[in-house]
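The structure appears below as structure tokens.
Read-outs: derived from the displayed coordinates by stated rules, not from any lab. This is a predicted model, so every value here is computed, not measured. Positions of Cβ are backbone-derived with ideal geometry, glycine not excepted, and every protein chain shown enters the neighbour counts.
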Amino acid sequence: MIEFRNVDYIYEPETPYEMHAVKNVSFTIEAGEFVALLGHTGSGKSTLIEHFNGLLKPSSGSVLFHGTDIFSKEVSMKEIRSKIGIVFQYPEHQLFESTVLRDVCFGPKNMGLSEEEQKERAKAALTSVGLDESYYEMSPFELSGGEKRRAAIAGVLAMEPEALILDEPSAGLDPRGRDEILGLIRKLWQERGLTVVLVSHSMDEAARYAQRVIVMHEGVKKFDGPTREVFTHAKELEEIGLGVPSTVRIFSMLRARGEAFPADIDELSVEGAAQALLTHVLHKEGGHV
Ligand SMILES: Nc1ncnc2c1ncn2[C@@H]1O[C@H](COP(=O)(O)OP(=O)(O)OP(=O)(O)O)[C@@H](O)[C@H]1O
Ligand SMILES: [Mg+2]
């Protein structure tokens, strides 16, 4: 669905501020995948996702949507922007209309839909993120942190995109707000068959939600594979300051102490890890589960 071919991006080339932010990055994202894009601050995640819908043009290389270069003449950038929805880092800074409903209408309005269709789309999108009628006429500034993120997601969903790209949607929220927003994203992915790319700093978040992980380091793609497989590279991930999910770390510590666990335990989810530990302890005590 979305393909990056040898994408390079240089900010302010040939100036003293030149910054080579993305270096020769290639990958393909298939329709319906849930991918986590991980990496340290400054590793190039946001720069990379601004290429998904042509906000940035590669300094070299290309970005293809369903096999066509998004910068070729036959492609309408407006259409690309409605099909690939991006929720930016701290999206609350982008809520600017006087009411929540108007704000969510913004995308459909830009698509040239009638006022009636705009409202229909906006209301459906607000419902799907759990904001009911009582929110329509509120000012976006009256919303809580989590509600603002939901409204921003609704603004993108109202365009009925094929892919939802989210840049650190859980940043700055409390643990409950984080679980709520990520649970919502998972639900949208499951129920709508959306393609999701989730940018994150958190290994635990990626372990819990993503099927596949892409790891960026200093502009270079370091790892790309099924979540479980990528997290077997604990040493390399630690070397680039990322580490592995806390559940995976616990099991590797226990194994290092000589405790034996079956190979097929679910180390990536908190529930799976808890179950495996419980089984292990009860087994050692000779009990039953
Ligand atoms: N507009 C810009 N002009 C010049 N350099 C920039 C610009 N935006 C980002 N950079 C630089 O490009 C590199 C990659 O930045 P980017 O924002 O893509 O990283 P990131 O992985 O999203 O980081 P974070 O986790 O902090 O959001 C960094 O060194 C950053 O300072
Ligand atoms: Mg960023």
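Some notes on this structure:
- Charged neighbours of Thr99, selected by a Cβ distance under 13 Å, balance to -2 (K, R count +1; D, E count -1).
- Relative contact order (%) - the chain, alpha-carbon pairs under 8 angstrom, separation at least six: 21
- Across the options Ser114, Ser200, Ala163, the greatest Cα extent toward the positive end of the charge dipole of the chain (unit charges at beta carbon of Lys, Arg, Asp, Glu) belongs to Ser200.
- Separation in nanometres of the label points that stand 7 Å from Cα toward Cβ, at Lys78 and Arg255: 5.4
- With the helix formula -39500 (n - 2.57) applied to DSSP H stretches of n ≥ 4, the chain reaches a computed 222 nm mean residue ellipticity of -11500 deg cm²/dmol.
- Across the range 1-87, the mean sequence separation of Cα contacts (distance under 8 Å, 6 or more residues apart), normalised by length, yields a relative contact order of 34 percent.
- For the chain, the dipole from Cβ point charges (+1 on Lys and Arg, -1 on Asp and Glu) about the Cα centre works out to 360 debye, to the nearest 20.
- Cα-based shape type of the range 1-118, given that a ≥ b ≥ c are square roots of the gyration tensor eigenvalues and the cut on a/c is 1.5: prolate
- DSSP bridge pairs, the chain: antiparallel proportion in percent, nearest 5: 50
- Tensor-based shape of the chain (alpha-carbon gyration tensor, a/c under 1.5 rounded, otherwise prolate or oblate): oblate
- Overall dimensions of the range 245-289, expressed as equivalent-ellipsoid semi-axes from the Cα gyration tensor (√(5λ), whole Å, largest first), are 17, 13, 8.
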